[in-house]
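First comes the structure, then the notes that go with it.
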Amino acid sequence: MTAINFPGEPRRRGTNLEKWGWIYMRASGVVLLVLIFGHLIVNLMVGEGVKAIDFGFVGGKWADPFWQWWDVTMLWLALIHGANGMRTLVNDYTNPGTTQKVLKGALFAAAAVLIVLGTLVVFTFEPCPAGSPADLLPSFCPAV
Ligand code: HEM
């Protein structure tokens, strides 16, 4: 249960998850501002801008641990932020019960699956897999 302190009530003990969720929304919002606008500026405005985005552009970025960690941090923070924000909406617009549980379960499952898949993609991305047919490889691979 949420521990809300009403005026005049003795202070409740224990971890207040709703409070930490509220703090997370603010803190992740500030970090996301930097990560998302950095992402947009670097991808869409610097150099040739949006015209430069292709498979090689992404492959080149993910060859650098700096951009791997940038993108993975953005992925985790945004998905947890978005799922937790949607949880607030579900709490506000549904009554406690099965429907509410199913909606929150679906939010949790969607965020968990996307976080796991996205993290795997960023850290295991191999633009030039060994042994692939040359016509399937991008032109910058050494074998082509
Ligand atoms: C520029 C980056 C972002 C900033 C600064 C930001 C900031 C915030 C803040 C401060 C809140 C809390 C609002 C409140 O409690 O009244 C919030 C709520 C929310 N955010 Fe973000 N956010 C950002 C990006 C995102 C992204 C990328 C998503 C989706 C993945 C998202 C989805 C949500 C949702 C669903 C809520 C709940 C809305 C509600 O309670 O009515 N936000 N955001």
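Laboratory data are not the source of any read-out in this text; all were calculated from the coordinates shown. All of these numbers come straight from a predicted model, not from anything done at the bench. Note that we place each Cβ from the backbone using ideal geometry, even for glycine, and neighbour counts take in every protein chain shown.
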Most fluctuating of Thr15, Thr88, Thr99 in the GNM of the chain (C-alpha, under 10 Å) is Thr15
Could you tell me which residue out of Gly118, Pro142, Gly21 lies farthest along the dipole of the chain toward its positive end? Charges go on the beta carbon: Lys and Arg +1, Asp and Glu -1, centred on the Cα centre.
Gly21
Just to confirm my numbers, what's the Cα centroid distance between segment 89-144 and segment 54-88 in Å?
11 Å
Of the candidates Gly85, Gly14, Gly118, which one comes out as most mobile in a Gaussian network treatment of the chain with C-alpha springs shorter than 10 Å?
Gly14
Calculated from backbone phi, Karplus (6.51, -1.76, 1.60) coupling profile of segment 76-81 in Hz, x at Gly/Pro:
5, 4, 5, 5, 5, 4
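Which value, in debye to the nearest 20, describes the size of the charge dipole of segment 44-94 about its Cα centre when Lys and Arg Cβ atoms bear +1, Asp and Glu Cβ atoms bear -1, and nothing else is charged? Display every interim value, and only then the final one.
Details: 3 positive and 5 negative charges, 17 e Å.
Approximately 80 debye in magnitude.
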Spacing of the two label points (7 Å from each Cα toward its C-beta) at Cys141 and Val113, in nm
2.9 nm
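I need the calculated FRET efficiency for the pair Lys104 and Asn16, taking r as the beta carbon distance and R₀ as 22 Å, to the nearest 0.05.
Numbers: r = 19 Å, r/R0 = 0.85.
Efficiency, rounded to the nearest 0.05: 0.75.
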For helix 98-124, report the angle its Cα long axis makes with the longest principal axis of the Cα atoms of the chain; keep it between 0 and 90° and round to the nearest 10°.
30 degrees
Among Met74, Met25, Met45, whose mean-square fluctuation peaks in a Gaussian network model of the chain (Cα, cutoff 10 Å)?
Met45
Quick one: 3J(HN,Hα) in Hz for segment 18-33, Karplus 6.51/-1.76/1.60 with θ = phi - 60°, rounded, Gly and Pro as x.
5, 5, 5, x, 5, 5, 4, 4, 5, 5, 5, x, 5, 5, 5, 4
Just tell me which aspartates and glutamates come within less than 18 Å, Cα to Cα, of Lys51; anything on the same chain fewer than 8 places away is out.
none
Towards the positive end of the charge dipole of segment 13-101, with charges on Cβ (+1 Lys, Arg; -1 Asp, Glu), say which of Ala83, Ala52, Pro96 has the farthest Cα.
Pro96
Taking every C-alpha to C-alpha distance in segment 94-143 and binning by 5 Å from 0, the per-bin percentages run 4, 17, 14, 11, 11, 9, 9, 7, 6, 6, 4, 2
Cβ-placed point charges (K, R +1; D, E -1), dipole of the chain about Cα centre in debye, nearest 20:
860 debye
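So what's segment 19-126 giving for Rg/Rh, alpha carbon basis, Kirkwood Rh from the mean inverse pair distance? All intermediate terms of the calculation are to be shown ahead of the outcome.
Numbers: Rg = 16.8 Å, Rh = 15.7 Å.
The Rg/Rh ratio comes out at 1.07.
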